[in-house]
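Take this structure first; my questions come after.
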Amino acid sequence: MHSLAQIAGWCNAQVIGKGNVNNINIQELCTDSREVVNAPQAIFIALVTTARNAHQYLQSAYKAGIRSFLVSEMPEEGAFKHNDVMLLLVPDTLVALQAIAAAHRRLFTHTPVVGITGSNGKTIVKEWLFELLCTQYEVVRSPRSYNSQIGVPLSIWQMNEKHQIALFEAGISQRGEMQHLEKMLKPTIGIFTNIGEAHSAGFDDVSEKINEKLILFKDCSYLIFHDDDSVLQHHILRFLERHKNIKPITWGAKAGADIRLISAEKNDVDTVLKIDVVNDVEGEKKHENLSLTIPFTDDASIENAMHCICASTSLNVPFTTLSEVLKKLPVISHRLERINGINNCILINDSYNSDLTSFKIALNVLEKLRDTHTLTLIISDFLQAGSLLLQQYEEVARLIAQKGITKLYAIGEVLHQNSGLFRSIPGLACYFYKDTTTFLSQINTYQFQREAILIKGARQYGFEHITQLLQQQVHQTKLTVFLNIIEKNLHVYRSLLSADTKIMVMVKAFAYGTGSTEIASLLQHAGVHYLAVAYTDEGIALRQAGIHLPIMVMNPDIATFSRMIAWRLEPELYSRHSLEAFMAVAQSMQCYHYPVHLKLDTGMHRLGFEHKDLPALTSKLNSPYLLVASLFSHLAASEAAEYDRFTMQQAQQFDAMCATLTADLGYTPLLHICNSAGIVRHKALHYSMVRIGLGLYGVDVPTNGATNILESSMKLTTTIAQIKSIALGESVGYGRKYIAEKPIIIATVNIGYGDGYSRRLGNGNGYMLLKGKKAPTVGNICMDMCMIDISHIPDAEEGDEVLVFGNGLPIEALASMAGTISYELMTSISQRVKRIYVMGND
């Protein structure tokens with residue numbers, strides 16, 4: 001905790017306000033007012049990024065209880081006038097935030113800081129190191145993947161006098177970034193995980209990328225790296241020639257490495273690492289042969305484990321601890337999984353560790369579901385080392401009270417010993433169990449009804465069994481939706497818009513098959529202005545789920561107008577008949593100035609008023625029962641350069657029609673014509689609002705500038721049910737459409753046309769990916785399953801996961817194989833397919 005005076009001094013801020021900066025204490029740096037924990041002792045950092053200017057949220061932060069603000073723009077006169085506010089004015093809030101973090105870091109010069117960078121594996125190495133160190137040290141680490149220009153200072157701010165070791169990631173995407181991270185982190189031990197293709201767009205070549213990353217380590221005492229990587233080794237050795245202060249700690253299969261990997265013996269479920277550790281004892285090199293087991297068999301996990309072994313030995317972790325912890329290393333998913341649960345519940349699965357930092361992050365995710373579900377928490381004891389356990393549980397209790405949790409299931413003896421902290425929270429029902437087995441034996445699943453349940457436990461407690469008990473039982477085909485990527489894609493589109501351009505997002509057709517309620521909840525929290533659905537029932541379902549954003553219904557049935565008004569849904573009106581029918585219903589319900597959206601036909605010729613309809617239309621629009629919320633049209637071919645002239649003709653027609661209508665209305669409604677492709681290719685046509693559709697998911701978007709970094713946000717996977725050998729002349733599937741011309745091996749997988757896998761993909765027209773290899777379809781597609789040829793994949797086993805579309809097999813490619821478009825494939829995915837919503841990644 002620091003005084004506001006200290007913080008102002010660290011970032012050379014001009015102080016504006018009547019308070020005494022020496023008497024104001026700051027404990028929390030807040031960049032999102034919706035996630036503030038301790039508002040009276042928080043300072044809101046109004047960051048300005050390509051996606052958004054946080055100065056527009058000063059009032060929201062004030063309403064959340066924050067009274068201290070770091071700004072680079074003075075609020076407009078009268079727009080933010082409060083006598084109890086303190087402003088710290090700086091030229092650049094990001095630079096100021098980093099200066100604050102650097103000054104805070106300098107207070108802990110005796111605390112070893114491990115700085116981790118590289119193309120891949122940063123988060124896994126950090127989390128595994130935490131597992132190896134936390135039993136004997138007080139460890140602070142980056143929350144999740146907080147490794148950016150914003151994430152690193154927020155990570156550093158967590159450091160305090162009780163911490164004995166710090167583990168921080170540093171990630172960059174372009175030249176010039178690492179120097180800022182190095183100034184803040186000042187690591188004493190460096191780990192360079194590897195070099196790969198990730199984030200290469202911002203660099204001329206791999207040499208430039210390696211040299212940029214190496215800047216992090218210029219003042220380190222030790223640098224850990226893989227000595228067998230010749231490209232990386234070449235650059236690091238040249239770097240070490242210029243920085244004699246750094247002692248390299250190398251690992252690899254070659255002789256001369258400090259920790260030599262003699263062999264990696266892979267079994268079915270684990271790998272035995274035989275290593276030779278070279279120690280320098282009084283000037284003499286001593287060799288120590290060790291055998292260590294990790295519960296993984298892939299090469300990436302072996303590489304990550306070796307980095308952790310090097311770091312652990314340099315930090316004097318005993319061999320017994322190293323051996324025991326390595327055997328139980330957890331799978332690090334880099335994410336919070338959102339899973340459909342029993343009885344209309346939603347599960348937030350974060351069950352591989354339990355510490356205060358990750359607990360706060362998980363609670364923020366849970367809190368976002370408060371509008372649609374009651375909030376339930378299942379937690380275990382915190383198992384990290386340290387003497388401040390009581391203070392930890394006091395903080396946990398305070399957070400539970402603040403976030404509005406209604407039910408707590410606490411598992412573990414320490415939680416039970418501190419039960420008084422939780423029983424005193426008003427409105428909280430508490431249940432305590434000594435262990436997970438007791439919980440599973442005593443719990444009645446019927447007591448969970450329409451709840452958002454955070455499952456957060458140390459891995460020793462086996463909370464995966466709780467997740468299995470509470471999740472909805474569906475078959476093994478699943479659509480994984482990466483919510484973090486959807487939000488990232490939204491920010492990319494925002495970066496293309498002016499600050500005052502509003503955003504409408506299409507969530508029709510079950511949000512293109514991804515799940516309308518889940519996507520709408522994300523968009524509501526992300527601050528979009530409008531949602532759009534196709535039919536009234538879709539809009540009602542969102543209202544029932546707690547979505548309060550304005551919702552436009554694009555294809556309203558006249559018979560549902562009264563229901564639309566009852567559920568505060570806004571109709572698209574596209575003809576004189578629909579307009580008069582809605583006016584009559586609004587009048588009968590005595591509903592005045594009800595918002596409607598007028599669809600104008602500028603050349604698509606599907607629905608909408610034409611120019612010749614305007615004289616008759618304008619005479620009705622001044623009805624006391626209507627308020628025209630927007631005028632809009634559809635671009636017929638915004639994605640195609642060959643039709644740009646037609647697109648401009650549509651825009652000219654739209655301008656003319658809007659001018660006529662607004663002149664008669666006496667006010668200007670929102671105007672919108674751009675879809676996802678139009679936003680990218682026709683910036684002059686953004687008007688006052690744009691509509692984002694399939695582009696939000698990173699699908700079928702023209703590449704242009706910023707949109708090159710849009711990512712696909714979903715994958716569809718299934719599993720192998722059975723493997724069979726097919727002899728020459730035997731047939732496969734209904735109709736005997738496939739006759740084996742040679743002996744083959746097929747796998748029957750758990751997906752068919754009943755799940756949305758098109759019959760047009762049968763008989764070799766489509767393929768799936770198994771262990772990264774193409775496996776073409778064999779025979780006709782059945783309703784619940786289909787067959788693929790795996791003759792060339794000898795290590796395939798029943799139960800293996802098979803990729804239907806996703807990374808390596810884009811949905812656009814699958815659509816091309818099926819002779820259709822991505823829209824059709826996405827919206828065809830059956831409701832019986834399990835949806836998993838992922839909220840974070842490395």
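The values are calculated or read from the model by the stated rules, or taken from the named source; none is laboratory data. From a predicted model like this one, the values you see are computed outputs, not experimental measurements. Methodologically, a virtual Cβ is constructed for each residue, glycine included, from the backbone with ideal geometry; neighbour enumeration extends over all protein chains shown. Protein only, heavy atoms only, side chains kept; ligands, DNA and RNA dropped before computing areas. Shrake-Rupley method; radii C 1.70, N 1.55, O 1.52, S 1.80 Å.
Would you point out the residue of segment 230-265, among those that are in contact with a strand residue (DSSP E or B) (Cβ under 8 Å, 6 or more places away or on another chain) and among the acidic types (Asp, Glu), that is least open to solvent (accessible area, probe 1.4 Å)?
Looking at the filtered set, the residue picked out is Asp258.
Checking the condition at pLDDT below 90 and open to solvent by less than 40 Å² (accessible area, probe 1.4 Å), which residue from Leu375, Leu389, Leu369 passes?
Going through Leu375, Leu389, Leu369 in turn, just one is at pLDDT below 90 and open to solvent by less than 40 Å² (accessible area, probe 1.4 Å): Leu369.
Residues in segment 497-510 that are closer than 23 Å to Ile811 by Cβ, in contact with a strand residue (DSSP E or B) (Cβ under 9 Å, 6 or more places away or on another chain) and buried (at least 19 other Cβ atoms within 10 Å of the Cβ): how many?
4
Answer yes if at least one residue in segment 111-133 is open to solvent by less than 10 Å² (accessible area, probe 1.4 Å) and over 26 Å from Thr313 (Cβ atoms), and no otherwise.
Within segment 111-133, not a single residue is open to solvent by less than 10 Å² (accessible area, probe 1.4 Å) and over 26 Å from Thr313 (Cβ atoms).
Taking segment 188-229, which residues are open to solvent by 20 Å² or more (accessible area, probe 1.4 Å), over 27 Å from Ala96 (Cα atoms) and free of Cβ contacts under 8 Å to residues at least 60 places away in the same chain?
Ser200, Asp204, Asp205, Val206, Ser207, Glu208, Ser221, Asp227, Asp228, Asp229
Further question: Can you name the number of the only condition in (1) of a type outside the set (S, T, N, Q); (2) within 25 Å of Arg106 (Cα to Cα); (3) under 25 Å from the mean Cα position of the chain (by Cα) that Gly9 fails?
(3)
Another question, then. Have a look at Val492, Val507, Val481, Val528 and point out the one that is closer than 30 Å to Asn675 by Cα, touching a Phe, Trp or Tyr at 6+ places or on another chain (Cβ under 8 Å) and of a type in the set (A, V, I, L, M, F, W, C).
Going through Val492, Val507, Val481, Val528 in turn, the sole match is Val481.
So which residues in segment 36-57 are in a helix (DSSP H, G or I) and within 24 Å of Gln6 (Cβ to Cβ), if there are any at all?
Correct list: Ala39, Pro40, Gln41, Ala54, His55.
Further question: When segment 430-459 is examined, which residues are found to be more than 31 Å from the chain's Cα centre (by Cα) and part of a loop (DSSP other than H, G, I, E, B)?
Result: Lys434, Asp435, Ile443, Asn444.
Say we look at segment 36-63 and pick out the residues that are surrounded by fewer than 18 Cβ atoms within 10 Å (Cβ to Cβ) and of a type in the set (Ser, Thr, Tyr); which of these is modelled with the lowest pLDDT?
Per the criteria, the residue is Thr50.
Where residues in segment 157-171 are in contact with a Leu (Cβ under 7 Å, 6 or more places away or on another chain) and either under 21 Å from Ile45 (Cβ atoms) or of a type in the set (Phe, Trp, Tyr) (or both), which of them is surrounded by the fewest Cβ atoms within 10 Å (Cβ to Cβ)?
Looking at residues that are in contact with a Leu (Cβ under 7 Å, 6 or more places away or on another chain) and either under 21 Å from Ile45 (Cβ atoms) or of a type in the set (Phe, Trp, Tyr) (or both), I get Trp157.
Then there is this: Show the residue pairs that are 6+ apart or on different chains and have beta-carbon atoms under 7 Å apart, the first residue being within segment 620-634 and open to solvent by less than 10 Å² (accessible area, probe 1.4 Å), the second being β-branched (Val, Ile, Thr) and part of a loop (DSSP other than H, G, I, E, B).
Going by the 7 Å Cβ cut-off, the qualifying pairs are Phe632/Ile673; Ser633/Thr602; Ser633/Ile673.
Could you tell me which residue of segment 1-35 is most open to solvent (accessible area, probe 1.4 Å), considering only residues that are under 21 Å from Gly404 (Cβ atoms) and assigned to a strand (DSSP E or B)?
Glu28
While we're looking at this one, here's another question. Select the strands (runs of 3 or more DSSP E) contained entirely in segment 129-227, then report the ones holding at least 1 residues which are at pLDDT 95 or above and over 17 Å from Pro112 (Cβ atoms).
Where strands (runs of 3 or more DSSP E) fall fully within segment 129-227 and carry at least 1 residues being at pLDDT 95 or above and over 17 Å from Pro112 (Cβ atoms), they are 189-192, 222-226.
Which of (1) within 30 Å of Glu324 (Cβ to Cβ); (2) open to solvent by less than 30 Å² (accessible area, probe 1.4 Å); (3) of a type outside the set (Gly, Ala, Ser) is the odd one out, the single condition Val152 does not satisfy?
(1)
Six or more apart or on different chains, Cβ under 6 Å: which pairs go from a residue in segment 152-181 that's over 18 Å from Lys360 (Cα atoms) and among the hydroxyl-bearing types (Ser, Thr, Tyr) to one that's open to solvent by 10 Å² or more (accessible area, probe 1.4 Å) and part of a loop (DSSP other than H, G, I, E, B)? Could you list them?
Ser173/His199
Select from segment 733-746 the residues that are open to solvent by less than 10 Å² (accessible area, probe 1.4 Å) and either aromatic (Phe, Trp, Tyr) or modelled with pLDDT of 95 or more (or both) and list them in ascending order.
Ile744, Ile746
Which of the residues that make up segment 580-602 are in contact (Cβ under 8 Å) with a residue 40 or more places away in the chain, in a helix (DSSP H, G or I) and aliphatic (A, V, I, L, M)?
Scanning segment 580-602 gives Met583, Ala586.
Between a residue in segment 537-552 that is touching a residue at least 24 places away in the same chain (Cβ under 8 Å) and any residue that is loosely packed, with under 15 Cβ neighbours inside 10 Å and among the hydrophobic types (A, V, I, L, M, F, W, C), which pairs come within a Cβ distance under 9 Å, given they are 6 or more apart or on different chains?
From residues that are touching a residue at least 24 places away in the same chain (Cβ under 8 Å), the pairs are Ile540/Ala566.
Is it the case that segment 309-330 has a residue that's among the small types (Gly, Ala, Ser) and not in a helix (DSSP H, G or I)?
No; the residues of segment 309-330 include none that is among the small types (Gly, Ala, Ser) and not in a helix (DSSP H, G or I).
Here is a follow-up. Does Phe561 meet the test of being crowded, with 23+ Cβ neighbours inside 10 Å and of a type in the set (Phe, Trp, Tyr)?
Considered against the rule, which asks whether it is crowded, with 23+ Cβ neighbours inside 10 Å and of a type in the set (Phe, Trp, Tyr), Phe561 comes out as yes.
Each row is one residue, and each column tells you yes or no for (1) open to solvent by less than 10 Å² (accessible area, probe 1.4 Å); (2) touching a Gly at 6+ places or on another chain (Cβ under 7 Å); (3) modelled with pLDDT of 90 or more.
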| position | (1), (2), (3) |
| --- | --- |
| Gly65 | no, no, yes |
| Ser68 | yes, no, yes |
| Val71 | yes, no, yes |
| Phe80 | no, no, no |
| Leu88 | yes, no, yes |
| Thr93 | yes, no, yes |
| Ile100 | yes, no, yes |
| Leu107 | no, no, yes |
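Hey, another quick one. If I ask for residues that are without any contact (Cβ under 8 Å) to a residue 60 or more places away in the chain, touching a helix residue (DSSP H, G or I) at 6+ places or on another chain (Cβ under 7 Å) and more than 21 Å from Asp800 (Cβ to Cβ), which ones from segment 725-761 would you list?
The answer is Tyr753, Arg759.
Taking the condition of being over 10 Å from Thr376 (Cα atoms) and assigned to a loop (DSSP other than H, G, I, E, B), how many residues in segment 399-429 meet it?
Residues meeting the conditions: 6.
Which one is surrounded by the most Cβ atoms within 10 Å (Cβ to Cβ), of the residues in segment 172-187 that are touching a strand residue (DSSP E or B) at 6+ places or on another chain (Cβ under 6 Å) and farther than 14 Å from Phe217 by Cα?
Ranking the qualifying residues of segment 172-187, first place goes to Ser173.
Would you call Thr293 open to solvent by 30 Å² or more (accessible area, probe 1.4 Å), in a helix (DSSP H, G or I) and at pLDDT 85 or above?
Criteria not met by Thr293.
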